[in-house]
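Here is the structure we will look at.
The values are calculated or read from the model by the stated rules, or taken from the named source; none is laboratory data. Since this is a predicted model, take the numbers as computed values, not measurements. Note that each Cβ is placed from the backbone with ideal geometry, even for glycine, and that neighbours are counted across all protein chains shown. Note: areas computed on protein heavy atoms with side chains; ligands, DNA, RNA excluded. Shrake-Rupley method; radii C 1.70, N 1.55, O 1.52, S 1.80 Å.
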Amino acid sequence: MPVIAFANPKGGAGKTTSALLLASELASRGASVTIIDADPEKWISQWGALPGRPTNITIVSEVTEESIVDQIETAAAEAQFVVIDLEGTASLMVANAIGMSDLVIIPTQGSSMDAKGAAKTIRLIRNQARMARRDISHAVLLTRTSAAVASRAIRNVREQLDQAGIPVFGASIIERAAYRDILDYGGLLEDLDRDLVSNVDKAVENARAFVGEVVERLKAARATGEVE
Ligand SMILES: Nc1ncnc2c1ncn2[C@@H]1O[C@H](COP(=O)(O)OP(=O)(O)OP(=O)(O)O)[C@@H](O)[C@H]1O
Ligand SMILES: [Mg+2]
């Protein structure tokens, strides 16, 4: 049912990576997940063509500005979760997807360019929410953070977002080889070969913390009537 979109017009902010982590972890918990692959690079569709994709993940690959609303509606009627990986631009397709979403996740690296992209996305979400006369739950997800140090740049970004009243995920997506390798090897994160890929268990733990928060945010949105 719930529709979760990943948006930030800044290229390379981590939309595709975090969308796949969410879908992978939800599927490993047994949920049916449809991924709408609206990224022109089609990384997730390519991942889906590799061996090891679980049968409870469906991927919709041919997505256009005209078709996306219908495709989201159909997917939401069939799957327990719909995950949308959006393109790295601000387009009508992105606006349409946001208008259909129960939760918009804004992946952001600790750079001012990414932060500007995040701010643009938040303005878009607020406009879509006004047009739809409903709140659209959203939160920034810090990505590619260091496993070793909590950097001052990241702390500053968190503080600035807090001060601006913008929700931020407590968990951030740490820079991990496993998050790149899953796109090469296919299958779920937890199925990656521990002999070939380093720190798989830590990567899984990080993804679980993030997905736990996604589920909590969806519950909170449902409690306030944003999700039926
Ligand atoms: N947490 C991470 N750990 C390691 N590599 C990462 C991580 N997040 C992203 N990357 C790498 O950074 C690059 C950009 O990430 P990704 O493709 O997820 O961004 P995107 O926002 O979807 O980009 P686009 O706007 O082009 O669609 C990719 O090569 C990806 O493998
Ligand atoms: Mg992408």
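Percent of alpha carbon pairs in region 110-223 separated by more than 22 Å? Cα-Cα pairs in region 110-223 separated by more than 22 Å: 45 percent. Rounded to the nearest 20 debye, the dipole size of region 10-129 about its Cα centre is 520 debye, using +1 on the Cβ of Lys and Arg and -1 on the Cβ of Asp and Glu. When only alpha carbons are used to place a centre, region 131-158 and region 32-55 end up 25 Å from one another.
What order do you get for 4-10, 121-127 when each peptide is scored by the mean count of other beta carbon atoms within 10 Å, highest first?
Final packing ranking: 4-10, 121-127.
Can you send over the carbon and sulfur percentage of the accessible area for region 68-188, probe radius 1.4 Å, protein chains only? Ligands and nucleic acids excluded, carbon and sulfur give 50 percent.
Per-peptide packing, taken as the mean over residues of other Cβ atoms within 10 Å, places 30-42, 140-152 in the sequence 30-42, 140-152 from highest down. In this structure the chain gives 47 Å² per residue of accessible area when probed at 1.4 Å with all protein chains present. Spherically averaged projected area of the convex hull of Cα atoms, the chain: 11.5 nm².
Placing +1 on the Cβ of every Lys and Arg and -1 on the Cβ of every Asp and Glu, with nothing else charged, gives the chain a dipole about its Cα centre of roughly 960 debye.
Multiply the residue gap between residue 1 and residue 205 by 0.36 nm, knock off their C-alpha separation, and tell me the result in nm, one decimal place. Numbers along the way, then the final one.
Numbers: separation 204, 0.36 × 204 = 73.44 nm, distance 2.50 nm.
Stretched out fully, the residue 1 to residue 205 stretch lengthens by 70.9 nm.
Relative to the 2.2 N^0.38 Å rule of thumb, region 181-228 has a C-alpha radius of gyration ratio of 1.58. Is region 32-159 best put as rounded, prolate or oblate by its Cα gyration tensor, with a ≥ b ≥ c the root eigenvalues, rounded for a/c under 1.5, and otherwise prolate when a/b is larger than b/c, oblate when not? Oblate is the answer for region 32-159, as a/c is 1.5 or above yet b/c matches or exceeds a/b. Using the structure shown, select from 15/219; 10/219; 15/202; 15/120; 15/116 the pairs with a Cα to Cα distance greater than 25 angstrom. Flagged as over cut-off: 10/219. In region 1-63, taking the dipole from charged Cβ atoms about the Cα centre, the farthest positive-side position among 63, 46, 23 is held by 23. Think of each Lys and Arg Cβ as +1 and each Asp and Glu Cβ as -1; about the Cα centre, that makes the dipole of region 113-227 roughly 880 debye. Remark: spin-label model distance residue 194-residue 222 equals 3.4 nm, labels positioned 7 Å along the Cα→Cβ axis. Helices that extend 27 Å or more along their long axis by alpha-carbon positions and average at least -0.5 on the Kyte-Doolittle scale are, among the DSSP H runs of the chain, 112-132, 200-223. Summing +1 for each Lys or Arg and -1 for each Asp or Glu among the other residues whose beta-carbon sits under 15 angstrom from that of residue 6 gives -3. Comparing region 1-94 with the 2.2 N^0.38 Å rule of thumb, its C-alpha radius of gyration ratio is 0.99 (two decimals).
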